[in-house]
Amino acid sequence: MSETTLPGGRTTGAVLIDGIVHKPAAPSTPTVHALLRHLEAAGFDAAPRALGFDEQGRQMLTYLPGEMIGDRFPWPAWATSDAMLAQVGRWLRRLHDLTAGFVPPAGEQWFIGGTMGPGLVVGHQDAAPYNAVVDGDRLVGFYDWDTAGPSTRESDLAFSALPWVPLAAPDGFTDPAGRSRRLHLLLDAYGYDGDRQVFAEAVPKRARRQATVIRQMAGGGDPAATALLPIAALLEKAATDVEGLPGDFWSPPVV
């Protein structure tokens, strides 16, 4: 069987064999597969289906056909379009609503640690443009569920706001008015009804947590994490920048 290496994303080793994705498994994979089966049973078609394991012990997943960013830079126009941003917000809301009642299997284990509990959802934890699959101007779904795990809605939503709004951008906050508008577009599409001034605190907290995980893994010799050290620096800068934004940045527009 021929293997086609799949580009993009933040994981390595994913290949396509006869239309099926094969990628390395981890201790958390059985729990993630249980989550994907839960989503499948609920009719959520915007995520891969879990198909078990191959003879090499690799996990097998269905392939979501469509366009991905891969190694392209700059990113394609859809990564910064309002229409796609709104779809991301609706996708996250549906995911969170469906996973609020998820009951993990015995021996629950997640890459990010923790366990499911009252008030938590299962977040994708990396629903960023580089993991998105699109068909024209339609969001098909997201790949790379390996880091999925229990969290608050705000924490998962805050992470997606960093690359999509973007609240983390290499060129800094050169367009605060535009970013404020796009932030509220994302939150409105999600149907977020919490205090947006409080949500402001979730963004730098999540950015720093993500940066800390990358640095800890890189310090342990993980090559993929080492390659992401520039991203850790970007996230840390974003956290500081976000904390410096004026209060009205987080106030929803008056209609």
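Just to verify a number: FRET efficiency for residue 106 and residue 41, C-beta to C-beta distance, R0 = 22 Å, to 0.05?
With R0 = 22 Å, the Cβ-Cβ based efficiency is 0.75.
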For region 62-221, give the magnitude of the charge dipole about the Cα centre (Cβ charges: +1 Lys/Arg, -1 Asp/Glu; no others), in debye to the nearest 20. 300
Sort 80-89, 191-200 by the packing proxy (mean of other Cβ within 10 Å over each peptide's residues), most packed first. 80-89, 191-200
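Would you please name the GluC sites (Glu not before Pro) within region 23-119 that are DSSP coil residues with at most 11 other C-beta atoms within 10 Å of their C-beta? Working shown, then result.
Working: sites: 40, 55, 67, 108; in loops: 55, 108.
In loop regions of region 23-119 (DSSP not H, G, I, E or B), the sparsely surrounded GluC sites (Glu not before Pro) are 55.
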From Cα pairs below 8 angstrom and at least 6 apart in sequence, can you work out the relative contact order of the chain, rounded to a whole percent? 17
Each label sits 7 Å from Cα toward the beta-carbon; between residue 53 and residue 233 the label points are separated, in nm, by 3.9
When the helix-only estimate is applied to the chain (DSSP H runs of n ≥ 4, each -39,500 (n - 2.57), divided by the residue count), what is the mean residue ellipticity at 222 nm, nearest 500 deg cm²/dmol? -13000 deg cm²/dmol
Just grab the label-to-label distance for residue 5 and residue 205, each label 7 Å out from Cα along the Cβ direction, in nm (one decimal). 4.0
Give me the distance in nm between label points sitting 7 Å out from Cα along the Cα-to-Cβ direction at residue 81 and residue 135, one decimal. 1.4
Can you give me the C-alpha center-to-center distance between region 79-129 and region 191-244, rounded to a whole angstrom? 17
Contour minus Cα-Cα distance for residue 213 and residue 198 (0.36 nm per residue): 3.0 nm
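Read the figures in this text as sums done on the coordinates, not as results from a lab. Computed from a predicted model, the values in this text were never measured in an experiment. With ideal geometry, Cβ positions are generated from the backbone for all residues, glycine too; neighbour counts draw on all protein chains shown.
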